[in-house]
Amino acid sequence: KALVVALICFFPIVVSTTDGLLRSDRELLDLARSFGASRLQVLRTILVPSAVPSFFAGLQISATYAVLGAVIAEWVGASSGLGLFISRSQTAFRVDRVFVAVAVIAAVSILLFALVHLAARAAMPWQYAHGQNPEESR
């Protein structure tokens, strides 16, 4: 189950972070190189800070995917969990239980999304100063 969740979460984070790295300000990179900045200095002072908002955007997406991945993994081959609960409830024609399970999945997904958003606000306070959204500044 953990492997399925890890695989599902891996790609949104990598794609988003790579996009953030590729969107780094080229003029700023050229300026740093013209001043003789090393690769490590460029990475630490320009590339990583420009990729952090994209990393957290990918992490928010992955947080919701993680819940769905865990439920699907439980549905396919587990002996307990919400996936199995949904499967058994469907077999017993207990639609009310299926809806409750879906509501729990949605609530957990929203909670994880909000927690990642709070972590992003804590990690990048300059991005949220004056009501600025980091994804709008791209």
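The values are calculated or read from the model by the stated rules, or taken from the named source; none is laboratory data. Bear in mind the structure is a predicted one, so any value in this text is a computation, not a measurement. Using ideal geometry, Cβ is built from the backbone for each residue, glycine included, and neighbour counts are taken over all protein chains shown.
Tabulated data for the structure shown
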{"quantity": "Members of the stretch 55-102 found to be touching a helix residue (DSSP H, G or I) at 6+ places or on another chain (Cβ under 6 Å) and charged (D, E, K, R), listed by number", "calculated": "Glu74, Arg97"}
{"quantity": "Odd one out for Glu74 among (1) within 22 Å of Cys9 (Cα to Cα); (2) free of Cβ contacts under 8 Å to residues at least 12 places away in the same chain", "calculated": "(2)"}
{"quantity": "Any helices (runs of 4 or more DSSP H) falling wholly within the stretch 1-59 and containing at least 3 residues that are under 30 Å from Phe113 (Cβ atoms)", "calculated": "2-22"}
{"quantity": "Listing of helices (runs of 4 or more DSSP H) fully contained in the stretch 64-138 that carry 1 or more residues being surrounded by 12 or more Cβ atoms within 10 Å (Cβ to Cβ) and either among the β-branched types (Val, Ile, Thr) or at pLDDT 90 or above (or both)", "calculated": "82-91, 95-123"}
{"quantity": "The stretch 1-60, residues that are surrounded by 14 or more Cβ atoms within 10 Å (Cβ to Cβ), under 26 Å from Val76 (Cα atoms) and aliphatic (A, V, I, L, M)", "calculated": "Val4, Val5, Ile8, Ile13, Leu59"}
